[in-house]
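Note sheet for the following structure.
The values are calculated or read from the model by the stated rules, or taken from the named source; none is laboratory data. Computed from a prediction, not measured in an experiment: that's the story for all the values here. Virtual Cβ from ideal backbone geometry, glycine too; neighbours counted across all protein chains shown. To get the accessible areas, we keep the full protein, side chains included, count just its heavy atoms, and leave off ligands, DNA and RNA. Shrake-Rupley method; radii C 1.70, N 1.55, O 1.52, S 1.80 Å.
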Amino acid sequence: MLLLYAIEVNSLKDARPMDPPTIPKYSKWVWLFGLFMCCGLPSMIIFGVYEKFRGAKHGVQGPLCLQNLRALANAQAMYALDNMGSLPSTNWMDVTLPYLKGNVGAIGCPVTHSSNQDQYGYAMNDKFTSKPIATAMTDEGMPLIFDSILLSRNAVGPITSLPRKGRHLQPDTDPQFETWKNNVAFANGSARATQDRFHQ
């Protein structure tokens, strides 16, 4: 038994130490690929889903805003019929509310009003407050109600208070070249998205 142990010890002394395992050269590329698959790819998918959701959200809010502005312009026309042809004054949202036939949500832009109920996002053109509706009809290139940086209820201001960038991303445009527009409504009840800055 002792003899066998001595032989084994001698053979271990003569044995060459084992080389450490070598790492193949391509393994760092495999590691980087794995890192990309674990972190990079999910991030790209999440970003893509976010962009689609953002575009879809604006795709719904822009047309809804136009619908609200049409309803408000028509409500003002009905108000004028009941008030000797005169448009409302500084409390225009409150006095036209009965003419919206229960559509209370129309008094706020969906972009601003959905995030904060105290922010309405529409303003009436101060050029037309308490004026005859015929004046606003004659100046048909000038909006009566529009998206505005004045966010309070019953906001009245100049057309220059349109948001500078535009509030609504247009869904029909190439996402690489985003087009943001503001919505405006006219005294004849029409409404449209525009990049015009208008001039008083």
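Quick one: net charge of Ala191's neighbours, Cβ under 11 Å, K/R +1, D/E -1?
That sum, taken over residues with Cβ under 11 Å, equals +1.
Provide the solvent-accessible area of Ser190, counting protein heavy atoms only and rolling a 1.4 Å probe, rounded to the nearest 10 Å².
50
Leaving ligands and nucleic acids out of the surface, order Trp180, Trp92 by accessible area at 1.4 Å, largest first.
Ranked list, largest accessible area first: Trp180, Trp92.
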